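The values are calculated or read from the model by the stated rules, or taken from the named source; none is laboratory data. Just so you know, these numbers come straight off a predicted model, no measurement behind them. Note that each Cβ is placed from the backbone with ideal geometry, even for glycine, and that neighbours are counted across all protein chains shown. These area figures cover heavy atoms from the full protein model, side chains too; ligands, DNA and RNA do not enter into them. Shrake-Rupley method; radii C 1.70, N 1.55, O 1.52, S 1.80 Å.
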Amino acid sequence: MKTKTITDIDVQGKKVLVRVDFNVPLSSKNPADNITVTDDTRIKAALPTLNYLLDHGAALILCSHLGRPSSAADKQFAMDPVAARLSELLGRPVKKLDEVVGPSVTAAVNAMQPGDVILLENTRFEPGETKNNPELSQKLADLADVYVEDAFGSVHRAHASTEGAARMIRAKGGPAVAGFLMGKELDALGTAVSDPPHPYVAIMGGAKISDKIKLIENLLKTADKVLIGGGMANTFLKAQGHQLGKSLVEEDALPEAQRLLKVAANRIVLPTDVVVAPEVAADAPAETVSVWGIPPDQMALDVGPDTIERFNEELQGAQLVVWNGPMGVFEIDRFAEGTNALAKLLAALTAHGVQVVIGGGDSAAAVRKAGLADKMTHISTGGGASLELLEGKELPGITVLDRK
Ligand code: ADP
Ligand code: MG
């Protein structure tokens, strides 16, 4: 069953509460400054959904969190700069309110006409937001006839503006559906989870295996091969009996790694060579060695060219590739080569029609840093949310939406 989206419902003359992701970087932390939005990527990303709803006769009540305010007194996180930028991008007035809910909001919403746009104050100015407080959820739901979720990065948490308001709008008979951004995420990641084309190759990396054991297990259920690099591979290599020197190894996770190697030995592919250095530093002397020859005073900080070649062979013929976790300490150029080489391979596969889906905050950052972000089928905007979805978890902000 698929989640309904805005194209499945009628919004003419309706008041629509849209949960957007306007969690954007700002120019200053001092509320006395004239604060501006320094990167409007997320605001621009919301425009297709907002313009579609406006073109179809809706009045829009927008809400989002911004930063991590400790209370409504944290004025540096007020939504005013976002409203200013959004108004420029939409080419129409955006009425920014100074409350999330309350009498001033109710009055402004009651006066709305189709085509009007209101932006509520930062949802995290309300202590009930992250607690999914029912009163706050109800007050948000009271404002609108329709709920639209377009903040994928927030759907793994049941908050008042995500799960709560959606549930309460449904309770009064209104639709609760996904916007275009959410729809894209669900198409790309949802397909990988529930209905992947084969051969399906998953690639895992990054630093912490203990955080991602469930993810690897779930990928092993559906993927034909799981290629493992980065810091995560160290624990698997150690579990296989290799000496890892000073490398990052999670001793506590060794039994889990051993178990996974046993149940899926022929489907887990590990590095054959690694780039080692005595410390994590840009000027450290680095060399490429076989995984059989990691010196005791060195640490593995990237995968080597042999490994990339091996991974390349495994990727040939794949229909779907899901990648999470950098192949090395990509923040330092010397140890970004494996990650960059893999990103290049995947860009080439995408060009040949392979579906390539990237999840995870650092992985997305690594692909962007390599300048290949627009060469992949899909890069998820939700770090935690994308991983939880790939783990096979039900995400409260998705489960609550209407199904087709
Ligand atoms: P994501 O955010 O995409 O889910 P993670 O947070 O799991 O990815 O992992 C990213 C981090 O892993 C990066 O900071 C990177 O430096 C680190 N990392 C990758 N390989 C190694 C390694 N061999 N040793 C230490 N850290 C590593
Ligand atoms: Mg990360």
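Taking label positions 7 Å along the Cα-Cβ direction at both Lys404 and Ala265, the computed distance is 4.4 nm, reported to one decimal. Stretched out straight at 0.36 nm per residue, the stretch from Leu47 to Lys221 would grow longer than its current Cα-Cα span by 58.9 nm.
Using a 1.4 angstrom probe on heavy atoms only, work out the carbon and sulfur share of the accessible area of the stretch 6-182 in %.
So the carbon and sulfur contribution to the accessible surface is 48 percent.
Modelled label positions at Asp211 and Gln76, each set 7 Å beyond Cα in the direction of Cβ, lie 2.4 nm from each other. Counting Lys and Arg as +1 and Asp and Glu as -1 over every other residue whose Cβ lies under 13 Å from the Cβ of Leu270, the net charge comes to +1. Sorted largest first by accessible area at a 1.4 angstrom probe radius, with every protein chain in place, the residues Thr38, Thr272, Thr3 fall in the order Thr38, Thr272, Thr3. Measuring r between the beta carbons of Lys2 and Ala111 and using R0 = 45 Å, the FRET efficiency lands at 0.80.
Relative to the current alpha-carbon distance between Asp374 and Thr288, full extension at 0.36 nm per residue lengthens the span by 27.9 nm.
Calculate for the chain the 222 nm mean residue ellipticity that helices alone would give, adding -39,500 (n - 2.57) per DSSP H run of length 4 or more and normalising by residue count, nearest 500 deg cm²/dmol. Before the final figure, lay out the partial values.
Working: 14 runs with 142 residues, N = 404.
Using -39500 (n - 2.57) per qualifying helix, the result is -10500 deg cm²/dmol.
If the label point is 7 Å along Cα→Cβ of Asn133, which residues in the stretch 96-121 have backbone nitrogen under 18 Å from it? Inside the label zone: 98-106, 120-121. Would you mind counting up the charge near Asp333? Only other residues with Cβ under 14 Å from its Cβ, with Lys and Arg at +1 and Asp and Glu at -1. That sum, taken over residues with Cβ under 14 Å, equals -2. A simple spin-label model places pseudo-atoms 7 Å from Cα toward Cβ; at Ala348 and Glu331 they are separated by 3.0 nm. Each of the peptides 121-132, 88-99 was scored by the mean count of other Cβ atoms within 10 Å over its residues; in descending order, highest first, they stand as 121-132, 88-99.
The alpha carbon convex hull volume per residue for the chain rounds to 150 Å³.
Could you calculate the contour length gain from Glu309 to Arg170, that is, 0.36 nm times the residue separation minus the distance between their Cα atoms, to one decimal place in nm?
Taking 0.36 nm per residue and subtracting the Cα distance, the gain is 44.9 nm.
Would any residue of the stretch 82-113 have its amide N under 17 Å from a label point 7 Å out along Cα→Cβ of Ser27? List them or say none. Those under the cut-off are 82-89.
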